[in-house]
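These notes are about the structure you will find just below.
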Amino acid sequence: MMALKTRRNQVIEWPLGSAHVEDASTSVNVLVTTPAGRELRVPTFQTADGTLRVRYSSGEAGVHSWRIDGPGTFARCDGEVEVVEGEGPNPLLEHGSLEVSENRRFLRQADGTPFLWLADTWWMALCDRLHWPDEFRRLTEDRVRKGLTVIQLVAGLYPDMDAFDDRGDNAAGWPWLPDWEGINPAWWDLADMRIEWLVS
């Protein structure tokens, strides 16, 4: 059994054994049972090397048990994630996920803290038109200084260009494979690096 540890509201990611999924159409989920007894279905994803991984986050402290809901050897994979109290590097994450207030007039975080959605949209931030890491980090630092709380990103098809336009690629190519055979995990791996930087 795999045992993991993370702080409340922090995303934790782990591989599901050393196995790989050969058929991309195969659906594999992780069933998580929270300390309160709720069962959550969390989808998995593949990285560029074909490894199946899962990401999980919870505001509920305690031991969360998980098991695989999928074919073959994955069905025998299980473990636990211990979610602990503690401050992390990002104060926004300490208050939990966003939700609409009871009167439906404003956004708040899970613990009731009001949240101001002060956003900027970065249309091309996940492709090479915004250079990584220097331009991306400089733009992030500028928006933090100005007090923005949200960066909205466009991932995938851009409204002003064709699907395989070179302006929409990054070092791994496009977000999808030629002839729409599926997504390109390598593109999303590079996008993840940028999103992790934004969160930090």
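The values are calculated or read from the model by the stated rules, or taken from the named source; none is laboratory data. In this text, all values refer to a predicted model and were calculated from it rather than measured experimentally. Glycine also receives a Cβ, built like all others from the backbone with ideal geometry; neighbour counts cover every protein chain displayed. Heavy atoms of the whole protein, side chains included, go into the accessibility calculation; ligands, DNA and RNA do not. Shrake-Rupley method; radii C 1.70, N 1.55, O 1.52, S 1.80 Å.
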Three-way shape call for the chain based on the alpha-carbon gyration tensor, with the a/c threshold at 1.5
oblate
So what does CYS77 come to for accessible area, using a 1.4 Å probe and Å² rounded to 10?
30 Å²
Amide hydrogen neighbours beyond the local backbone of ARG7, cut-off 5 Å, H modeled
VAL84
Virtual spin-label span in nm between ARG105 and ARG138, 7 Å along Cα→Cβ:
4.3 nm
Can you give the calculated 222 nm mean residue ellipticity of the chain, where each DSSP H run of n ≥ 4 adds -39,500 (n - 2.57) and the sum is split over every residue, rounded to the nearest 500 deg cm²/dmol?
-4500 deg cm²/dmol
Accessible carbon and sulfur surface of the chain relative to its total accessible area, %, 1.4 Å:
53 percent
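Rank HIS131, HIS95 by accessible area, highest first, at a 1.4 Å probe radius?
Output order, biggest surface exposure first: HIS131, HIS95.
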Taking the Cα of ALA119, stepping 7 Å toward and past its beta carbon, and measuring to each backbone N in the stretch 132-176: which are under 15 Å?
148-155
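Rounded to two decimals, what is the ratio between the C-alpha radius of gyration of the stretch 148-200 and 2.2 N^0.38 Å? List each step's numbers first, then the result.
Numbers: Rg = 12.1 Å, N = 53, 2.2 N^0.38 = 9.9 Å.
Compared with the compact-globule rule of thumb, the stretch 148-200 sits at 1.22.
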Report, by chain and number, residues whose modeled amide H sits under 5 Å from the one on ASP69, excluding near sequence neighbours (fewer than 5 apart, same chain).
ASN29, VAL30, LEU31
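Determine the per residue accessible area of the chain with all protein chains present and a 1.4 angstrom probe, expressed in square angstrom.
Numbers: 11920 Å² over 200 residues.
About 60 Å² of surface per residue is accessible.
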Starting from the Cα gyration tensor of the stretch 25-116, take the square roots of the eigenvalues, sort them a ≥ b ≥ c, and report rounded, prolate or oblate (rounded when a/c is under 1.5, otherwise prolate if a/b is larger than b/c, else oblate).
prolate
Fraction of the pair-distance distribution of the stretch 80-191 above 25 Å, Cα-Cα pairs, percent:
43 percent
Return the sequence-ordered ³J(HN,Hα) values of the stretch 175-185 in whole Hz as given by the Karplus equation 6.51 cos²θ - 1.76 cosθ + 1.60 applied to θ = phi - 60°, using x for Gly and Pro.
x, 10, 8, x, 6, 6, 5, x, 7, 9, x
